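Input: a single structure, listed below in structure tokens.
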Amino acid sequence: MKDKSRNRVLWTPPEETVRTARVKDYEKLRKRANADPPAFWEERAGELAWYRKWEKVLDDSEAPFFKWFTGARTNVVLNALDRHQKTVVRNRLAFIWEGENGDLRTLSYFALNREVCRFANVLKSMGVVKGDRVTIYMPRVLELPIAMLACAKIGAIHSVVFGGFSVEALHGRIEDSDSKVLITADGGYIRGKVVPLKEIADQALERAACIEHVIVIRRTCEDVNMEAGRDYYYDELLALPIAKGSCPTVEMDAEDPLFLLYTSGTTGTPKAILHTHGGYQVGVSTTLEFAFDLRPEDRWFCTADPGWITGHSYVVYGPLILGATSVIYEGAPTYPYPDRWWRICEEYGVTVLYTTPTAVRGLMRFGEAWPNRHDLSGLRILGTVGEPINPEAWQWYHRVIGRGECPVIDTWWQTETGSFMITPVPSFPLKPGSATRPFPGISAEVLDEKGNRVAPGEEGNLVITTPWPSMTRGIYKDPDRYVEQYWSTYKGKYLTGDSARVDEDGYFWIIGRKDDVIKVSGYRLGTAEIESALVSHPSVSEAAAITLPHEIKGNAIHVFVILRSGVQGSPELEAELIEHVGKEIGKIARPEGVEFVDGLPKTRSGKIMRRVLKARAQGLPEGDTSTLED
Ligand code: WTA
């Protein structure tokens, strides 16, 4: 970890980049912003449209439940769509969408607004009103952002469940959010195969009584079960007179909820992270504009699924607020060949590409010939998110995809933070593997257990020390857990759950999660979810999940399982358990390996010591085992 060569600046921006960049002097801007963060954010908020301006920029009277732009009236749709209808942006493309099967669809800002109005009219006709929750479980098609925007427009709270999740995950999220309407599709395509979304939804709905109506988008056009009086095809609803015409955007309080997004925490089932209309729009638009230097002539390709926070902030809301053109691709990057993304970059003239280190490592494996087949000269900026990027992958991305010219913007942030927290900008010197410096207006520190700052190069807990506009407003229906999980370790400081170090130049290096949250291929999961999926299998009595380093995925899940008495471990049972986890949570949660054991290392208070399991599995010293039960 203390290898000095890793700390070297390896990319200095060319003069031209600095000259033309949106942010020319990052340090200077940070200094100014951090001298008075609310003043900085107020200035940024002034760039957006509001029905009524705020009385107060930051209300910290109920900290850690901070409020931003109190008294202001707005709606994120006012900025993402409405205000563009009166400018040249109206005729610009909002989305260029390519299906895995080659289908192509584009929507201008005008057309997107029209579609959103229609969808909003349909939702209204189903009785959805301000404050109602709507669950969205969809493949990566344009109706997904359209549905999100339609909810926001009428003040409903969307809760998007990633289309790769399965029955249990969907069921839990529908029930917890107490959603009235579910928006889904007959199916989706991935790697040429159909994912039976409606079938999964039907199973989830067997036990979720709150859903009154299901709207089904036709993607595969395969026959699916439609329950009379509950399920409606979207295209049929659209044909009704009720869907026609415009739909007024509902005026919201800046602090009114915009969406819930379920994410894994330290314990138990995933919890809903809440974001609001006012501060969120300021955070996502400012960070995207500064960190990626986005301009009207750019074509932005963020490969994330809208079902995760990256998609919410940087496929849907951020780019639309800036009036940018986004490329959305439905399927897998290796389908039918591993040059699909490179072909898309060439074909649609992508200028800024934002993806995960896992994807970079995965595509790197296929060699340079695939990208070299395509003209990628349009790219000017690259970015990554979700996990630390190893210097080898950074170099390949920069050299092969970015011609050795494009900066790699390594953005560190979380579902809870809403927008980038630690990131470079294109005019800032880079060190491969470091997310560089906190964004202007953001203050981060690395602390030891006692709350003191650690020395340069030492590892510690990453915290954020001042509030920011796009911060979560808490865990839906569970304020105590929010305080406990994030604000109780260090008084007045937000605990990220990540460990990090800061080098002599003030560059931040993220090491990884310190809690029971795991990142696999950049996806966020919890060991508790995987363990509870395993024990729901009739053969399993106890289970523990850990991650081990994996060349492509960054981390891979390994589980230790104690079987019920009388059950024998076998390769067939191993395969069955892997499948079972996939069916309960989703394919992304499937363990790489299953080990049948007779016991698990536990503390005297009965907590599984995953640290010990991990050390054992890697043949490393077990560390302090003084609390280990005999
Ligand atoms: C990790 C994703 C290193 C980190 C936006 C964080 C990263 C968690 C980076 C949040 C990065 C995200 N470098 N690690 N650039 N970006 N992470 O909520 O562990 O899905 O706490 O949000 O991803 O995951 P989440």
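The values are calculated or read from the model by the stated rules, or taken from the named source; none is laboratory data. What you are looking at is a predicted structure, and each value in this text was computed from that prediction instead of being measured. Because the Cβ atoms are built from the backbone with ideal geometry, glycine has one as well, and the counts that use them run over all protein chains shown. In case anyone asks, the SASA skips ligands and DNA or RNA and just uses the protein heavy atoms, side chains included. Shrake-Rupley method; radii C 1.70, N 1.55, O 1.52, S 1.80 Å.
Listed here are the residues, each with its yes/no results for (1) of a type in the set (D, E, K, R); (2) within 15 Å of the ligand (Cβ to nearest atom); (3) open to solvent by 20 Å² or more (accessible area, probe 1.4 Å).
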{"position": "404", "(1), (2), (3)": "no, no, yes"}
{"position": "413", "(1), (2), (3)": "no, yes, yes"}
{"position": "419", "(1), (2), (3)": "no, yes, no"}
{"position": "434", "(1), (2), (3)": "no, yes, no"}
{"position": "442", "(1), (2), (3)": "no, yes, no"}
{"position": "449", "(1), (2), (3)": "yes, no, yes"}
{"position": "452", "(1), (2), (3)": "no, no, yes"}
{"position": "456", "(1), (2), (3)": "no, no, yes"}
{"position": "463", "(1), (2), (3)": "no, yes, no"}
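Results for (1) within 20 Å of residue 9 (Cα to Cα); (2) crowded, with 20+ Cβ neighbours inside 10 Å; (3) among the basic types (Lys, Arg); (4) in contact (Cβ under 8 Å) with a residue 60 or more places away in the chain, shown as yes or no for each residue.
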residue	(1), (2), (3), (4)
361	no, yes, yes, yes
366	no, no, no, no
369	no, no, no, no
379	no, yes, no, no
382	yes, yes, no, no
391	yes, no, no, yes
394	yes, yes, no, no
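Can you spot a residue in the range 309-326 that is at pLDDT 95 or above and farther than 23 Å from residue 424 by Cα? For the range 309-326, residues at pLDDT 95 or above and farther than 23 Å from residue 424 by Cα: absent.
If only residues of the range 289-306 that are of a type in the set (D, E, K, R) and assigned to a loop (DSSP other than H, G, I, E, B) are counted, the one that is nearest to the ligand (Cβ to nearest atom) is 305.
Could you list, in sequence order, all residues of the range 147-186 that are polar (S, T, N, Q) and either in a helix (DSSP H, G or I) or open to solvent by 10 Å² or more (accessible area, probe 1.4 Å) (or both)? Hits for the range 147-186 are 166, 177.
Scanning the range 187-197 for residues that are open to solvent by 20 Å² or more (accessible area, probe 1.4 Å), of a type outside the set (Ser, Thr, Tyr) and not in a loop (DSSP other than H, G, I, E, B) yields 190, 193, 194, 195.
Residues are listed down the side, and each one gets a yes or a no for (1) modelled with pLDDT of 95 or more; (2) buried (at least 20 other Cβ atoms within 10 Å of the Cβ):
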site	(1), (2)
9	no, no
18	no, no
28	yes, no
59	yes, no
71	yes, no
86	yes, no
96	yes, yes
114	yes, no
120	yes, yes
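Checking each residue in the range 256-275 for being open to solvent by 10 Å² or more (accessible area, probe 1.4 Å) and aromatic (Phe, Trp, Tyr) picks out only 262. Scanning the range 122-179 for residues that are over 21 Å from residue 253 (Cα atoms), under 21 Å from the mean Cα position of the chain (by Cα) and among the charged types (D, E, K, R) yields 140, 143, 168, 173, 176. Restricting the range 468-479 to residues that are open to solvent by less than 20 Å² (accessible area, probe 1.4 Å) and outside any strand (DSSP E or B) leaves a set whose member that is farthest from the ligand (Cβ to nearest atom) is 469. Looking at 622, 572, just one residue is exposed (fewer than 14 other Cβ atoms within 10 Å of the Cβ), free of Cβ contacts under 8 Å to residues at least 24 places away in the same chain and of a type in the set (D, E, K, R), and that residue is 572.
Table: residues versus (1) closer than 30 Å to residue 101 by Cβ; (2) at pLDDT below 95; (3) out of contact with any His (no Cβ under 7 Å at 6 or more places or on another chain).
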{"position": "217", "(1), (2), (3)": "yes, no, yes"}
{"position": "261", "(1), (2), (3)": "yes, no, no"}
{"position": "265", "(1), (2), (3)": "no, yes, yes"}
{"position": "277", "(1), (2), (3)": "no, no, yes"}
{"position": "293", "(1), (2), (3)": "no, no, yes"}
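Here residue 152 qualifies as of a type in the set (Gly, Ala, Ser) and either farther than 23 Å from residue 309 by Cβ or in contact (Cβ under 8 Å) with a residue 60 or more places away in the chain (or both).
Can you find even one residue in the range 198-214 that is of a type in the set (S, T, N, Q) and outside any loop (DSSP other than H, G, I, E, B)?
Our first condition is that a residue be of a type in the set (S, T, N, Q); within the range 198-214, this holds for 203.
Those left that are additionally outside any loop (DSSP other than H, G, I, E, B): 203.
There is at least one residue in the range 198-214 that is of a type in the set (S, T, N, Q) and outside any loop (DSSP other than H, G, I, E, B).
Determine if the range 274-288 includes at least one residue that is part of a loop (DSSP other than H, G, I, E, B) and either among the charged types (D, E, K, R) or within 16 Å of the ligand (Cβ to nearest atom) (or both).
From the range 274-288, those part of a loop (DSSP other than H, G, I, E, B) are none; that's our starting set.
There is no residue in the range 274-288 that is part of a loop (DSSP other than H, G, I, E, B) and either among the charged types (D, E, K, R) or within 16 Å of the ligand (Cβ to nearest atom) (or both).
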